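The values are calculated or read from the model by the stated rules, or taken from the named source; none is laboratory data. Computed from a predicted model, the values in this text were never measured in an experiment. So basically every Cβ, Gly included, is an ideal-geometry build from the backbone, and we count neighbours across all protein chains shown. Surface accessibility is based on the protein's heavy atoms, side chains included, excluding ligands, DNA and RNA. Shrake-Rupley method; radii C 1.70, N 1.55, O 1.52, S 1.80 Å.
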Amino acid sequence: FLPKPAVLELPKGEENPRPALKGSRHAYFDRWLDCPVYDRERLLCGNLLRGPAIIEQADSTVVLHPGFEAHVDSLGNLVIDVFCAPKEIV
């Protein structure tokens with residue numbers, strides 16, 4: 001058996017993710033919106049991000065749509081909640 005790897009937990013941060021903010025960018029959802037862009041490597045446990053937002057890292061990008069929220073857990077996972085009402089089907 002291999003030894004179990006150590007679990008590295010992120011340091012606890014504030015709810016405000018401002019220290020991870022890289023800038024902003026226009027992104028199209030149902031219209032053009034100005035979105036904050038965050039550096040995933042600089043997010044801390046407890047940070048809360050509200051959509052619209054863009055979270056960048058070296059190998060992927062996460063887009064939070066308007067009405068979505070994400071919080072960073074102790075292992076660095078982005079836990080995304082959807083609070084927007086579904087669009088009507090016509």
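Observations on the structure shown:
- Total residues in region 46-64, condition within 18 Å of Asn16 (Cα to Cα) and in a loop (DSSP other than H, G, I, E, B): 4
- Complete set of residues in region 77-86 that are at pLDDT below 95 and open to solvent by less than 70 Å² (accessible area, probe 1.4 Å): Asp81, Cys84
- Considering (1) part of a strand (DSSP E or B); (2) touching a residue at least 24 places away in the same chain (Cβ under 8 Å), the lone condition that His26 does not fulfil carries the number (2).
- If only residues of region 10-65 that are within 13 Å of Ile80 (Cβ to Cβ) and of a type in the set (Gly, Ala, Ser) are counted, the one that is surrounded by the most Cβ atoms within 10 Å (Cβ to Cβ) is Ala53.
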